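A.B. asks: Dumping the structure here so I can ask a few things about it.
The values are calculated or read from the model by the stated rules, or taken from the named source; none is laboratory data. Computed from a predicted model, the values in this text were never measured in an experiment. A quick note on method: Cβ atoms are made from the backbone with ideal geometry, for glycine too, and the neighbour counts reach across all protein chains shown.
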Amino acid sequence: MTSPTEGERRSELELSTDEMLSLARRAAELIVDRLERLPDEPAWLGGTRSELEELFREGAPEIGRPAVEVLERAAREILPIAGRVDHPRFFAFVPSSSTWPAVLADFLSAGHNTFQGTWLGGSGPSQIELVVLDWIRDWIGYPESAGGLFTSGGSAASIDAFVAAREAAGAPERPTVYMSDQSHTALVRAATIVGVRREHVRMVRSDGQFQMDIRGLGQAVTEDRAAGLNPIAVCANGGATNTGAVDPMIEIADFCEAEGLWLHVDAAYGGFAVLTEKGRAALKGMERADSISLDAHKWLFQPFETGCLMVKDVAFLEKAFSVEPEYLQDARWGGDHPNFSDRGLQLSRSFRALKVWMSIQTFGVEAFRKSVAKGIDLAERAEEYVRGSDVLEIRNSASLGVVCFRFFPRGSNYDEAHIEQTNRAIQSRIIETGIAMMSSTRLRGLYSLRFCILNHHTTWEDVRGTLQAIERFGKQEISA
């Protein structure tokens, strides 16, 4: 059935065929135009609440206005006031740069209003999710018993993983979990959501390479058991957000097997580095984990929200989450037709896997492998540049696309307060001038600048030009 003409509308919430096509073309034009202009624009643009209230505060209109006006306003006035996480010089936090097929996949999925909580609701989409999950299973080296689901991101994936870990341990009272002092706060939040008291979330010290200290882990587990607590899981970093550090996977896996503990690897940003030779070597042993979280909207170049959880034995997920209400009795098609609502916290869920499927089908795995390797190589070149600079100091070796450093003239005797003030000023100037967007962190208490280089559009000129600006601004600030 075709859409109605202007005079044949069946609903007050309907547009004609011509209007829909015209709006879709205009939306695509606006997005493509933005992508073409992006490298020449600032990597970040924000506004204060008071400024934005003045621009956008209004009551809901009783009578609508032309759809093209609404579209243009959204594209020109609202969406640009944000961090451009796909900008080639967006080095802050964890960047995300989408492939065009993935953007269209989101459009198609929304246009079909796909519900993929059950096989009944989305058979074709569910089959594609199984296929893509098997691709990921093979990439990380998991056995055929493995499975999982796509999630909104690493936070939701961690919650699902901790639920499975808790149930696998028999849902004991007074549970404890263990993670590095470099672990993402999403893991702390996930642990408390599933019933671990905040004071029973153990932050194990990291060593000089920002990796979890195995002896410290063993000591914490021993002391907690002696105190009547029940350890259930250890979380290892497969690329810590702060530094890109990868915890010693093999040693941690050995420890967890010996102690009967669930091993979860937070590889939300770093996990897809397994596609590359360097990444696979850095993440060796990750395949021994009971569960792994990965975000395809980071280093697999997908739009938000494309998180993923993989579990070595998917039966643990299904045992933890499966329920059978009467109103879903028609959705039970048998073991060969999994309902993804039985694997995680969502019943209402969109068709996220289509983005990955369309991207891989269009470009092939080799193109993604080269693009991930490019980010690793650029971070290593940035480290080399910093080490060769007379005014920059490396704070951690490049790891999986992340490198931290600071402005600190070689041989200088400036006090730490002055050095921190200078680096803060440098960061502000880099952002305010629109040269790049970068974030800061603290490593062993010292203020550090941080580059996270994941964008497949980023070039060495983008990285080097930003480093040169940091040097230039630093020299101006240090003597001011």
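A.B. asks: Which one of these does V372 not meet: (1) in the same structural domain as S399 (by TED's automatic domain parsing); (2) out of contact with any Ser or Thr (no Cβ under 7 Å at 6 or more places or on another chain)?
C.D. replies: With (1) in the same structural domain as S399 (by TED's automatic domain parsing); (2) out of contact with any Ser or Thr (no Cβ under 7 Å at 6 or more places or on another chain) applied to V372, the lone miss is (2).
A.B. asks: Further, regarding this structure: Only helices (runs of 4 or more DSSP H) wholly contained in the stretch 1-100 count here; list those with 3 or more residues that are assigned by TED's automatic domain parsing to the domain that holds F451, surrounded by 13 or more Cβ atoms within 10 Å (Cβ to Cβ) and among the small types (G, A, S).
C.D. replies: 17-37
A.B. asks: Here is a check on your reading of the model: is R450 under 25 Å from the mean Cα position of the chain (by Cα) and more than 19 Å from S97 (Cβ to Cβ)?
C.D. replies: No: the conditions fail for R450.
A.B. asks: Further question on the same structure: Among the residues of the stretch 398-437, write down those that are assigned to a loop (DSSP other than H, G, I, E, B) and in contact with a Leu (Cβ under 6 Å, 6 or more places away or on another chain).
C.D. replies: The one that is assigned to a loop (DSSP other than H, G, I, E, B) and in contact with a Leu (Cβ under 6 Å, 6 or more places away or on another chain): G401.
A.B. asks: When you check F321 against the structure, is it in contact with a helix residue (DSSP H, G or I) (Cβ under 6 Å, 6 or more places away or on another chain), in the same structural domain as A171 (by TED's automatic domain parsing) and in contact (Cβ under 8 Å) with a residue 12 or more places away in the chain, yes or no?
C.D. replies: The answer is yes for F321.
A.B. asks: Considering each residue of the stretch 438-480, count those that are of a type in the set (S, T, N, Q), closer than 22 Å to T241 by Cα and assigned to a helix (DSSP H, G or I), and give that number.
C.D. replies: Residues in the stretch 438-480 being of a type in the set (S, T, N, Q), closer than 22 Å to T241 by Cα and assigned to a helix (DSSP H, G or I): 1 in total.
A.B. asks: Taking the stated definitions as given, is N230 of a type in the set (S, T, N, Q) and over 24 Å from K319 (Cα atoms)?
C.D. replies: Criteria not met by N230.
A.B. asks: For the stretch 204-220, name all the residues that are closer than 18 Å to V188 by Cβ and surrounded by 15 or more Cβ atoms within 10 Å (Cβ to Cβ).
C.D. replies: V204, S206, F210, M212, G216, L217, A220
A.B. asks: OK, next. Across the stretch 360-373, what is the total count of residues that are surrounded by fewer than 20 Cβ atoms within 10 Å (Cβ to Cβ) and touching a residue at least 40 places away in the same chain (Cβ under 8 Å)?
C.D. replies: So the count comes out to 7.
A.B. asks: Could you give every pair whose Cβ atoms fall below 6 Å, whose first residue belongs to the stretch 92-106 and is modelled with pLDDT of 95 or more, and whose second residue is among the basic types (K, R) and not in a helix (DSSP H, G or I), counting only separations of at least 6 or pairs across chains?
C.D. replies: Close Cβ pairs (under 6 Å, with a partner that is among the basic types (K, R) and not in a helix (DSSP H, G or I)) do not exist here.
A.B. asks: Taking the stretch 210-238 only, how many residues are touching a residue at least 40 places away in the same chain (Cβ under 8 Å) and either charged (D, E, K, R) or farther than 19 Å from W262 by Cα (or both)?
C.D. replies: 2
A.B. asks: While we're here: Run down L108, L130 and say which single residue is of a type in the set (A, V, I, L, M), assigned by TED's automatic domain parsing to the domain that holds W357 and assigned to a helix (DSSP H, G or I).
C.D. replies: L130
A.B. asks: Name the residue that is farthest from the chain's Cα centre (by Cα), counting only residues in the stretch 458-480 that are more than 18 Å from N423 (Cα to Cα) and buried (at least 18 other Cβ atoms within 10 Å of the Cβ).
C.D. replies: This residue is D462.
A.B. asks: With respect to A245, is the statement that it is assigned by TED's automatic domain parsing to the domain that holds S183, under 30 Å from I394 (Cα atoms), crowded, with 24+ Cβ neighbours inside 10 Å and touching a residue at least 60 places away in the same chain (Cβ under 8 Å) true?
C.D. replies: Against the criterion (assigned by TED's automatic domain parsing to the domain that holds S183, under 30 Å from I394 (Cα atoms), crowded, with 24+ Cβ neighbours inside 10 Å and touching a residue at least 60 places away in the same chain (Cβ under 8 Å)), A245 qualifies.
A.B. asks: Does D138 qualify as being in contact with a strand residue (DSSP E or B) (Cβ under 8 Å, 6 or more places away or on another chain) and charged (D, E, K, R)?
C.D. replies: Taking the combined requirement at face value, the residue does not satisfy it.
A.B. asks: Does the stretch 267-289 contain any residue that is closer than 28 Å to E173 by Cβ and either of a type in the set (K, R) or part of a loop (DSSP other than H, G, I, E, B) (or both)?
C.D. replies: yes
A.B. asks: What's the total number of residues in the stretch 149-205 that are closer than 24 Å to R444 by Cβ and touching a Phe, Trp or Tyr at 6+ places or on another chain (Cβ under 7 Å)?
C.D. replies: 3
A.B. asks: Just to check your reading of the model, which residue among G111, G117, G83, G122 is among the small types (G, A, S) and free of Cβ contacts under 8 Å to residues at least 12 places away in the same chain?
C.D. replies: G111
A.B. asks: Could you tell me which of the residues A240, A220, A233 is in a strand (DSSP E or B) and in contact with a Phe, Trp or Tyr (Cβ under 8 Å, 6 or more places away or on another chain)?
C.D. replies: None of the others qualify; the one that does is A233.
A.B. asks: How many of the residues making up the stretch 98-147 are within 23 Å of the chain's Cα centre (by Cα), among the hydroxyl-bearing types (S, T, Y) and over 30 Å from L23 (Cβ atoms)?
C.D. replies: Number satisfying all stated conditions: 2.
A.B. asks: Right, next: Under 17 Å from Q127 (Cα atoms), touching a residue at least 12 places away in the same chain (Cβ under 8 Å) and assigned to a helix (DSSP H, G or I): which single residue out of W333, W357 fits that description?
C.D. replies: Of W333, W357, the one residue that is under 17 Å from Q127 (Cα atoms), touching a residue at least 12 places away in the same chain (Cβ under 8 Å) and assigned to a helix (DSSP H, G or I) is W357.
A.B. asks: Name the residue that is surrounded by the most Cβ atoms within 10 Å (Cβ to Cβ), counting only residues in the stretch 374-393 that are in contact (Cβ under 8 Å) with a residue 60 or more places away in the chain and outside any helix (DSSP H, G or I).
C.D. replies: Result: L392.
Matching residues to (1) crowded, with 22+ Cβ neighbours inside 10 Å; (2) within 20 Å of F340 (Cβ to Cβ); (3) modelled with pLDDT under 95:
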{"residue": "T151", "(1), (2), (3)": "yes, yes, no"}
{"residue": "V163", "(1), (2), (3)": "no, yes, no"}
{"residue": "A169", "(1), (2), (3)": "no, no, no"}
{"residue": "D181", "(1), (2), (3)": "no, no, no"}
